[in-house]
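**Student:** Please find one structure pasted underneath; my questions will follow.
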Amino acid sequence: MNWNTIEWRNGVLIILDQTLLPGETKYINAERYETVAEAIRRLQVRGAPAIGIAAAFGVVLGARQFRHEPDFCGQVNRVIQKLAETRPTAVNLFWALDRQKKVVQSGKGLELKPEQIINRLEKEAITIAADDAVINRKIGEFGASLLKDGMTVLTHCNAGALATSAYGTALAAIRVAVEQGKKIAVYADETRPLLQGARLTAWELMQEGIPVTLITDNMAASVMRLGKVQAVIVGADRITANGDVANKIGTYGVAVLAKEHRIPFYVAAPLSTIDLKLKNGEEIPIEERAATEVTSFGGTVVAPAGVKVFNPAFDMTPVRYVTGIITECGIVTGDWENTLKKWKDSTI
Ligand code: MRU
């Protein structure tokens, strides 16, 4: 791969601007936390793990901006708050920010100087990013064990390297299977309205020579009925204690279709995506985005001015549609509540 989703270089956060892909490979050099917040809000950086990592570095940048302020810790907590307001659904954002909040709290308790707290925040962000790559590799290895030579997998949105620090989650399973010498092909749903499947997943897989066929979202049913896919693997933005899954809008439909066609439906996600505070998926806050994302396509207006629009960015798939959740600890296929809790607790 000759690109990085996010890179921390000499105190600057370099973010690949995903809104310009696949046409342009351009980077944003973020030196202020506001730039990171804006990049998350605008989906220049997106995907649950990637926004957590970006936000963790955003805190470092913000802390640096306020290092001479008398109320340094209070200001850093306000930076954390601002970053938390960027997107509501992916829990990895809040998970990463909570880790940074703890760094600030412990630094304050130890009466450390701002420079010392900034160093600790930087170390924590670097750890979060590095761990993500290791975790995704493990997810990939577990996921690959589900894929047999010659299989074709359908995926929705982008749960690839572009959504993480490396490998991806759903796409990690495919990458590792291919590395193992298996012939795996992919159907990528285009993922309206923002086309993460067409613009990002297809781009990412083509760069690596993994065979990918692009379909519009409304073609998934036919592709399944025609027997063209043997498994579905998607990522997740938040998984509740009972195993319900929030992921990109359209995932629920794919899960229902998979069940109808007796195709296994897997969700690949790190344990940081599991939110044990929420009992079930009904409690997940679902982000609603601007109407213009639906009323225009590629910059062209495709709907009458003033039409009423509903634009939820995510949906919730009840666990009864899920065959397995692939994590860095293994694959959960039942006894969801106990297993997810046991594995999540082992990481805390
Ligand atoms: O709105 P996005 O592009 O941030 O949505 C991303 C997804 O829904 C991904 O599938 C999810 O974050 C998992 S990424 C490993």
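**Student:** Working only within segment 19-68, note down all residues that are in a helix (DSSP H, G or I) and basic (Lys, Arg).
**Tutor:** 41, 64
**Student:** Six or more apart or on different chains, Cβ atoms under 6 Å: show the pairs whose first residue is in segment 277-293 and not assigned by TED's automatic domain parsing to the domain that holds residue 85 and whose second is assigned to a strand (DSSP E or B) and away from the ligand (no atom under 14 Å from the Cβ).
**Tutor:** Partner pairs satisfying both residue conditions: 278/240; 280/240; 281/240.
**Student:** Only one of these conditions is not met by residue 307: (1) buried (at least 16 other Cβ atoms within 10 Å of the Cβ); (2) part of a loop (DSSP other than H, G, I, E, B). Which number is it?
**Tutor:** Among (1) buried (at least 16 other Cβ atoms within 10 Å of the Cβ); (2) part of a loop (DSSP other than H, G, I, E, B), the lone unmet condition for residue 307 is (1).
**Student:** Would you check if there is a residue in segment 151-160 being open to solvent by 50 Å² or more (accessible area, probe 1.4 Å), of a type in the set (A, V, I, L, M) and within 16 Å of the ligand (Cβ to nearest atom)?
**Tutor:** Checked against the condition, which is being open to solvent by 50 Å² or more (accessible area, probe 1.4 Å), of a type in the set (A, V, I, L, M) and within 16 Å of the ligand (Cβ to nearest atom), segment 151-160 yields no hits at all.
**Student:** If you check every pair at least six apart or on different chains, which have Cβ atoms under 7 Å apart with a residue in segment 76-91 that is within 11 Å of the ligand (Cβ to nearest atom) first and a residue that is polar (S, T, N, Q) second?
**Tutor:** Within 7 Å, the pairs are 91/273.
**Student:** Answer yes if at least one residue in segment 288-297 is over 18 Å from residue 316 (Cβ atoms), surrounded by fewer than 19 Cβ atoms within 10 Å (Cβ to Cβ) and at pLDDT below 95, and no otherwise.
**Tutor:** Within segment 288-297 (the criterion being over 18 Å from residue 316 (Cβ atoms), surrounded by fewer than 19 Cβ atoms within 10 Å (Cβ to Cβ) and at pLDDT below 95), the answer is yes, since at least one residue qualifies.
**Student:** Now, a different point. Are any residues in segment 149-186 farther than 16 Å from residue 48 by Cα and part of a helix (DSSP H, G or I), and if so, which ones?
**Tutor:** The answer is 173, 174, 175, 176, 177, 178, 179.
**Student:** Return the residue satisfying two criteria in turn: it lies in segment 275-287 and is touching an Asp or Glu at 6+ places or on another chain (Cβ under 8 Å) and part of a loop (DSSP other than H, G, I, E, B), and of such residues it is least open to solvent (accessible area, probe 1.4 Å).
**Tutor:** This residue is 284.
**Student:** Among what's in segment 31-53 and is more than 13 Å from the ligand (Cβ to nearest atom) and buried (at least 24 other Cβ atoms within 10 Å of the Cβ), pick the residue that is farthest from the chain's Cα centre (by Cα).
**Tutor:** 33
For every residue, the table says whether it meets (1) open to solvent by less than 10 Å² (accessible area, probe 1.4 Å); (2) more than 30 Å from residue 288 (Cα to Cα).
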| site | (1), (2) |
| --- | --- |
| 170 | yes, no |
| 175 | no, yes |
| 182 | no, yes |
| 185 | no, yes |
| 188 | yes, no |
| 193 | no, no |
| 207 | no, yes |
| 211 | no, yes |
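**Student:** Kindly provide the set of residues from segment 247-274 that are closer than 19 Å to residue 345 by Cβ, open to solvent by less than 10 Å² (accessible area, probe 1.4 Å) and either of a type outside the set (Val, Ile, Thr) or more than 16 Å from the ligand (Cβ to nearest atom) (or both), ordered by number.
**Tutor:** Of everything in segment 247-274, those that are closer than 19 Å to residue 345 by Cβ, open to solvent by less than 10 Å² (accessible area, probe 1.4 Å) and either of a type outside the set (Val, Ile, Thr) or more than 16 Å from the ligand (Cβ to nearest atom) (or both) turn out to be 269, 270, 271.
**Student:** Residue 139 - would you say it is at pLDDT 95 or above and surrounded by fewer than 17 Cβ atoms within 10 Å (Cβ to Cβ)?
**Tutor:** Considered against the rule, which asks whether it is at pLDDT 95 or above and surrounded by fewer than 17 Cβ atoms within 10 Å (Cβ to Cβ), residue 139 comes out as no.
The values are calculated or read from the model by the stated rules, or taken from the named source; none is laboratory data. Fair warning: this is a prediction, and the values are worked out from it, not measured in the lab. Using ideal geometry, Cβ is built from the backbone for each residue, glycine included, and neighbour counts are taken over all protein chains shown. Just so you know, the surface numbers come from the protein's heavy atoms only, side chains and all, with ligands and any DNA or RNA stripped out. Shrake-Rupley method; radii C 1.70, N 1.55, O 1.52, S 1.80 Å.
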